[in-house]
1. Out of the residues in the stretch B:173-194 that are surrounded by 21 or more Cβ atoms within 10 Å (Cβ to Cβ) and over 16 Å from residue A:68 (Cβ atoms), state the one that is modelled with the highest pLDDT.
2. I need the full set of residues from the stretch A:282-294 which are in a loop (DSSP other than H, G, I, E, B) and farther than 16 Å from residue A:109 by Cα, in order please.
3. Which residues, counting only those in the stretch B:248-263, are surrounded by 23 or more Cβ atoms within 10 Å (Cβ to Cβ) and either out of contact with any strand residue (DSSP E or B) (no Cβ under 9 Å at 6 or more places or on another chain) or closer than 19 Å to residue B:119 by Cβ (or both)?
4. Quick one: how many residues across the stretch B:149-171 are within 9 Å of chain A (Cβ to nearest Cβ) and in contact with a helix residue (DSSP H, G or I) (Cβ under 6 Å, 6 or more places away or on another chain)?
5. I want to confirm something. Restricting to the stretch B:46-62 and keeping residues that are surrounded by fewer than 24 Cβ atoms within 10 Å (Cβ to Cβ) and more than 11 Å from chain A (Cβ to nearest Cβ), which single residue is nearest to residue B:193 (Cα to Cα)?
6. Just name the residue that is surrounded by the most Cβ atoms within 10 Å (Cβ to Cβ) out of those in the stretch B:29-45 that are in a loop (DSSP other than H, G, I, E, B) and touching a helix residue (DSSP H, G or I) at 6+ places or on another chain (Cβ under 8 Å).
7. With the condition kept exactly as written, say whether any residue in the stretch B:148-158 is under 19 Å from the mean Cα position of the chain (by Cα) and more than 14 Å from residue B:243 (Cα to Cα).
8. Report, ordered by the first and then the second residue, all pairs with beta carbons closer than 8 Å, sequence separation of six or more or different chains, a first member in the stretch B:1-18 that is outside any helix (DSSP H, G or I), and a second member that is surrounded by fewer than 16 Cβ atoms within 10 Å (Cβ to Cβ) and at pLDDT 80 or above.
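The values are calculated or read from the model by the stated rules, or taken from the named source; none is laboratory data. Since the model is a prediction, treat every value here as computed from it, not as a measurement. In this analysis, Cβ positions are derived from the backbone assuming ideal geometry, glycine residues included, and neighbour counts consider all displayed protein chains.
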């Protein structure tokens, strides 16, 4: 007991002393795909760039790391070869077993994982989870789709029917139907995160069916936005700002702002806080209000009246008067998904188990 | 082909490839010598980096054999990825079914069912070629997609652990039912499987009548038939053995690395295995050497990004260049007269004439 507590004190002292010493605080970043994918990975790589404003932080990064032992080896290299004392693993599959094992092996290093579920007692104490809730931004983006469509048909190309994706399809559709009740969203699942050819084929097929706004949730919907432009219809982005892909038809999009998170964690560590002793929250989550995510800049075809309506809706979300998941709400098979009088807050864990598609979505959440 | 050539030509090809890659690095504004120093340091320079290399080499050993063994019988197998995936699925299904058994029995069951699943997968593709005239290259490639679709169906369906919400995965194995690591290292016993398989494959192909018969099939099918060899059975068995190796690679991913099956089964080891087998000129010992080389290159990929700011595709570029040069070098054999090999060559030539 004595030994353990003395060791804890020493570890605590080291954690305080390290960043204030002459050597910089080294933070390692792992990305699953290329840093210039105009999508999820680039959103994290751009978030890392925000740390350049802090002179006492040094960052190292590796891209295109598969969710295999390669992830474990990369973390280990960053710790032993570059002296990283903080690791940010940005892809879902890095968590178990790779980050859990590495955290156990290196109890002095702080590990932060984007998304995932920490299990008290089972997972080491030096792991923190950070994630953003982007439903509200999808809702706003969907509103613009609903205001812009002429055919009242919206297309949504998604990777997999997992809760994260279903939330985005539903919030986007709710936004569209809040301003245009006749709008429907047709969903196509491609089966995987990065399948540009299949995404392009699906985009084209949806355009043939008279859909005039396309969006998606894949690793990077750049191809979807690009195809929308090519077919002369509107496109909404996701993950990262994809306006460069569609100079004419780009409406807006829901994008991540991880820089907020990285700056906040870096500053907490600099102030001597750690996830081990609980002074950095175990789960650091945020929403539109916390600036974990934002709306992409509007494209040229977005009218002033549409901008005003979005600004009003955004203000209502920020002051809490507009809540997206408010009952009664039916799924697209007619069942009650959220009973009348019930409101699910955006951070409610029940939403993390979502397995239904809301009324107005054409498609199936299950096989 | 002389003995000297078999050493000089591949080495020369690699040197030429390294010079071209060096030019590529220089074009990106990085000193190629420093890049090679980093590759050496991160892949081979210390016991620490060797562990990284060995971890990455172990699936490649097994996946390389998947192409190398049937190649001896003249069949080009590129369905390795599919065999890895179905092997992993067989392993997790039998592993979850035997959780109540003692760990050794459960692991043995996983091993066998992975080998059988992977083996049948490739044997099917080879049999299609032999009996129905469907190229094993085409069927193997298409079967890869089938295997991946099957995996997604099982992992997102019947095998799915409902608690794996945003990262669909099967139920996990219990910790004592996992394949262990060499103590004090981060290298798992998949390496043992790989090395043993390479030795067995070498023995089978080079030292048994079965291996000799395979070589005859590979050399000249008509001659093999005329001498009464059961060609169909031989090539299908060779396909089965190759596929079994890849299947075991899938089992190692499940039992040693992940402890469950998820979409990372389809991490591309099978495709790198094809590269390994071709670079190794389809020899089992060559597979060991090339797996270590490619494993070391993969291990150094991170260092190139972190220390030199090179793009993440750099190592893939180096692999591609080396692959190209070694394949091209196949056309060089016998074109250059090596002074010290002359007397050696002359006699068999004279005898043939």
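1. Out of the qualifying residues, it is B:193.
2. A:287, A:288, A:289, A:290, A:291, A:292
3. B:248, B:249, B:250, B:251, B:252, B:253, B:254, B:255, B:261
4. Final tally of qualifying residues: 4.
5. B:50
6. Across the stretch B:29-45, the extreme among qualifying residues is B:30.
7. yes
8. B:1/B:333
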